[in-house]
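Throughout, read-outs are computed from the coordinates displayed, never taken from laboratory work. Predicted model, so just to flag it, every value in this text is computed and none were measured. All Cβ positions, glycine included, derive from the backbone under ideal geometry; neighbour counts span all protein chains shown.
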Amino acid sequence: MKVRVYIADTPAEAWHIRNVLEQHNIVAHLRNETLFGATGEIPVLESLPEVWVAPGDAAEAEALIKQNRRQPEPSANWRCEQCGESIEGVFAVCWRCGAPAAEP
Ligand SMILES: [Zn+2]
């Protein structure tokens with residue numbers, strides 16, 4: 001008896017989660033990771049890679065997955081050298097004068 005704790009978008013993500021869990025001594029099993037891409041079509045939900053663990057490990061696994069999911073890094077604001085405007089990190093050029101962000 002096992003519990004599904006995660007559905008990954010890609011096999012690489014499933015492997016990443018499994019590695020994280022195994023570093024915490026949780027045995028994780030992947031399902032569907034080998035089916036991905038076999039048809040060359042966009043995978044349907046049932047064929048997405050899944051991560052399964054023993055029921056006793058599920059709560060800890062879910063907590064670890066939450067901590068380790070890849071999230072976009074929030075970029076720091078930067079200041080335009082040309083006009084002095086403060087620009088949000090998601091922008092590569094100054095929205096005010098069009099100058100590119102200075103190299104760090
Ligand atoms: Zn500017």
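Phi angles of the range 77-86 translate, via the Karplus equation with coefficients 6.51, -1.76, 1.60 and θ = phi - 60°, into HN-Hα couplings of 5, 10, 10, 5, 6, 7, 10, x, 5, 8 Hz per residue; Gly and Pro are given as x. Label sites at residue 31 and residue 77, each approximated as a point 7 angstrom past Cα along Cα to Cβ, lie 4.8 nm apart.
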